[in-house]
Amino acid sequence: MSPLVAVDSLTKLFPVKRRVFALRVRHYVHAVDGVSFAVEEGEIFGLVGESGCGKTTTGKLLVKLLEPTSGRIVLEGQDITRLRRGPALRAFRRKVQMIFQDPYESLNPRFTVFDTIAEPLWIHGVRSLAEREARVAEILAQVGLTPPETFMFRYPHELSGGQRQRVAIARAMVVHPKFVVADEPTSMLDVSIRAGIMDLLLGLRQELGVSYLYITHDLAVARYMCDRLAVMYLGKIVEVGPTEEVLQNPLHPYTQALIAAVPVPDPTYTRAPPEIKGDVVAAVNPPPQCRFLPRCPRAQDLCRTAPHPPLVEHRDHGVACYLAGHG
Amino acid sequence: MPLLDVRELTLHYATKMGDVHAVDGVTFAIEPGEALGLVGESGCGKTSLALALLRLLPDNAKVLGGQILFEGVDLLRLPENEMRRVRWRGISMIFQAAMNSLNPVYRVGDQIIEAMQTHLNISYAEARRRVAHLFDLVGLAPELMDRYPHEYSGGMKQRAVIAMALACDPKLVIADEPTTALDVIVQDRILRRIEEVRRQLNMALLYISHDIAVIAEVSRRLGVMYAGNLVEFGDTVAIFQRPAHPYTLALMSAFPSLKGEKRRLRGLPGEPPDLLRPPPGCRFHPRCALATEVCRTQAPPYAEVEPGHCVACWHPQHRRCA
């Protein structure tokens, strides 16, 4: 069976103008650079990496908030990359939704909870008010805002951060999408609220049969949420595989450094420093070699001369490193 | 004598809707050279507490009671001109969102030199030498002092702000979420740098964070705040091995972990209380599974469960998880 979403060599370049009156753009940020992966039906696929690695850009490309420079996105066997307008795009918008990071900015402050959640229903052709009310009440109950009547006519400023994020989730889920891009949905929330939102998203996957692209910088959150995981560095996927496999047996030196840098909630444990050199550089006109080369503690001559390594299968997961599997 | 001794500190913010009970009856002490952690969620009063220690609270804040003894002197009674001498030389602070606390139109080095010349009686040349030394200490190339903030990356700005906090050789540095906006690898370096500098200079550190894993790594003793109250305080290892307050236990089980078995998280029901009208009795009782009648009506006593380990709870969990 074909996967729900298949992404092939997806690339997004952002032009940078170095001078105001430059006639031609000569510099590009390679935000997403030849990324390929597939998300199966009912699966939670995680995208992790540091800020600037291209994970949010990838998410926006998948919901068509951005147009790719090249590459293909296939949803349920249909190439949607060049979809521009018309009923096909509308059908796509119903199938694919997004949950944003900051529920203080993603909700319209002048819309009631009902307005916010009912708007996508109207857009997708639910014209009967009674039906919209019923659907909104149903989804509110599903996201844990009960009893629904007490929340329907409130404004965002009357809600806490956790409740707002539940409204944002309800708005995304009310049209019964097949695929949802969740971009750091818990990172703005308080610690004691986060677990509830994560469990809600896991529960909705079971109840509604939805798949997620789950974007996060937090490896522990990714471990909790995701079935499979891709680690990104400067626009490239450097490692991909089943979550536990990637986190317990990381093969790419960048994945290893990321894991080693996560603080451990045990005061008796002494964590060794991660092995990584220097700082992240901007992905403007990157050299052809491995993106991680300037920071890699183990780089060999091969890495300095060969192009960026392809993703190769090693023990259940894909790694883009010439040295993986050698020692 | 402790370096800093906070006793029964209570402070409210006056708002149009009434008083916000931001910090209520908080008591703790920091020994010279000690690394103390303070953990809690947003709005629990940890930043208000830090600002109170430096007397940098906004105008609508009212300190209703308590003492802040720094080297035996009550900072709350100090005239402003003497308080100014305590800031930077006695107590300095690394602010939250430090990325934005540098002035964009001045060279980074000059901003630190300005602070030094205001507070220490030293020449420009001497101050420059000191900045070069501090840059070295926090892991920045000394040449960078003649650059502007926009030429720095996020991690570099954070290091510069740490260098600035160390400029006048303070006895206590308050770090308020200094790594929250940073990526993990940069965070790791900053945490290691802070610890190294703290040991070298023998400073005390008050490290404030919402991240219990970070607190576990940086602190020897820690305090847990909830809704304006200090609910648990003690040795970090003791609290992690034997959390006595149900909120501390909840905080620990609410975080997913990279190590060990993958387990289900237990989020807390409800939301932190509105501090305009804090709940009567124990402020945690509406979210607490162990709450009984007494919790709903009377504030719990703040008492020792083992030597040096205090908790404010009617039903402390004695040695439940070893």
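Scanning region A:124-148 for residues that are free of Cβ contacts under 8 Å to residues at least 12 places away in the same chain, loosely packed, with under 15 Cβ neighbours inside 10 Å, under 15 Å from A:Met173 (Cβ atoms) and not small (Gly, Ala, Ser) turns up just one, A:Glu138. Counted as qualifying within region B:142-237 are the strands (runs of 3 or more DSSP E) with 3 or more residues that are closer than 30 Å to B:Met116 by Cβ, namely B:172-176, B:204-209. Among the residues of region B:246-261, those identified as out of contact with any helix residue (DSSP H, G or I) (no Cβ under 7 Å at 6 or more places or on another chain) and either more than 27 Å from A:Val246 (Cβ to Cβ) or facing chain A (nearest Cβ under 7 Å) (or both) are B:Pro246, B:Tyr247, B:Leu249, B:Lys259. Condition check: at pLDDT below 90 and outside any helix (DSSP H, G or I). Does A:Gly42 satisfy that? No; evaluated as a whole, the condition is false for this residue.
Taken as a whole, region B:261-282 holds no residue that is closer than 27 Å to B:Arg199 by Cβ, in contact with a strand residue (DSSP E or B) (Cβ under 8 Å, 6 or more places away or on another chain) and either in contact (Cβ under 8 Å) with a residue 40 or more places away in the chain or not in a strand (DSSP E or B) (or both).
Does A:Glu184 fit the bill of being more than 11 Å from chain B (Cβ to nearest Cβ) and surrounded by fewer than 22 Cβ atoms within 10 Å (Cβ to Cβ)? Lay out the reasoning, then the answer.
Working: more than 11 Å from chain B (Cβ to nearest Cβ): yes; surrounded by fewer than 22 Cβ atoms within 10 Å (Cβ to Cβ): yes.
Taking the combined requirement at face value, the residue satisfies it.
Considering each residue of region A:247-264 in turn, none proves to be within 25 Å of B:Arg189 (Cα to Cα), at the interface with chain B (Cβ under 8 Å from one of its Cβ atoms), free of Cβ contacts under 8 Å to residues at least 12 places away in the same chain and polar (S, T, N, Q). The condition of being modelled with pLDDT of 90 or more, under 30 Å from B:Tyr247 (Cα atoms) and surrounded by fewer than 21 Cβ atoms within 10 Å (Cβ to Cβ) does not hold for B:Leu36. Does B:Leu166 satisfy being away from chain A (no Cβ under 12 Å) and of a type in the set (A, V, I, L, M)? Against the criterion (away from chain A (no Cβ under 12 Å) and of a type in the set (A, V, I, L, M)), B:Leu166 qualifies.
Given the criteria at pLDDT below 95 and under 21 Å from B:Ala175 (Cβ atoms), does B:Lys46 qualify?
On the way: at pLDDT below 95: yes; under 21 Å from B:Ala175 (Cβ atoms): yes.
Yes.
Among the listed residues A:Ala282, A:Ala324, A:Ala272, A:Ala320, which satisfies the condition of being in contact (Cβ under 8 Å) with a residue 60 or more places away in the chain, more than 22 Å from A:Gly52 (Cα to Cα) and either touching a strand residue (DSSP E or B) at 6+ places or on another chain (Cβ under 6 Å) or within 14 Å of another protein chain (Cβ to nearest Cβ) (or both)? Steps first, please.
On the way: A:Ala282 fails: more than 22 Å from A:Gly52 (Cα to Cα); A:Ala272 fails: in contact (Cβ under 8 Å) with a residue 60 or more places away in the chain; A:Ala320 fails: more than 22 Å from A:Gly52 (Cα to Cα).
On inspection, the qualifying residue turns out to be A:Ala324.
Please work out which residue is surrounded by the fewest Cβ atoms within 10 Å (Cβ to Cβ), limiting yourself to region A:201-229 and to residues that are of a type in the set (Gly, Ala, Ser) and closer than 17 Å to B:Val184 by Cβ. Outline the logic, then answer.
Filtering region A:201-229 down to residues of a type in the set (Gly, Ala, Ser) leaves A:203, A:209, A:211, A:220, A:222.
Pick out the ones that are also closer than 17 Å to B:Val184 by Cβ and you get A:220, A:222.
Values: A:Ala220: 18, A:Ala222: 24.
Once the filter is applied, the top-ranked residue is A:Ala220.
Listed conditions (1) in a helix (DSSP H, G or I); (2) of a type outside the set (Val, Ile, Thr); (3) closer than 26 Å to A:Leu213 by Cβ; (4) in contact (Cβ under 8 Å) with a residue 12 or more places away in the chain are all met by A:Asp102, apart from (1).
Yes/no per residue for (1) without any contact (Cβ under 8 Å) to a residue 12 or more places away in the chain; (2) part of a loop (DSSP other than H, G, I, E, B); (3) under 30 Å from B:Asp183 (Cα atoms):
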{"site": "B:Lys62", "(1), (2), (3)": "no, no, no"}
{"site": "B:Ser92", "(1), (2), (3)": "no, no, yes"}
{"site": "B:Gly109", "(1), (2), (3)": "no, no, yes"}
{"site": "B:Ile112", "(1), (2), (3)": "no, no, yes"}
{"site": "B:Asn121", "(1), (2), (3)": "yes, yes, no"}
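The values are calculated or read from the model by the stated rules, or taken from the named source; none is laboratory data. Small disclaimer: the values here were computed from a predicted structure and weren't measured. Ideal geometry is used to build each Cβ from the backbone, glycine not excepted, and the neighbour counts take in all protein chains shown.
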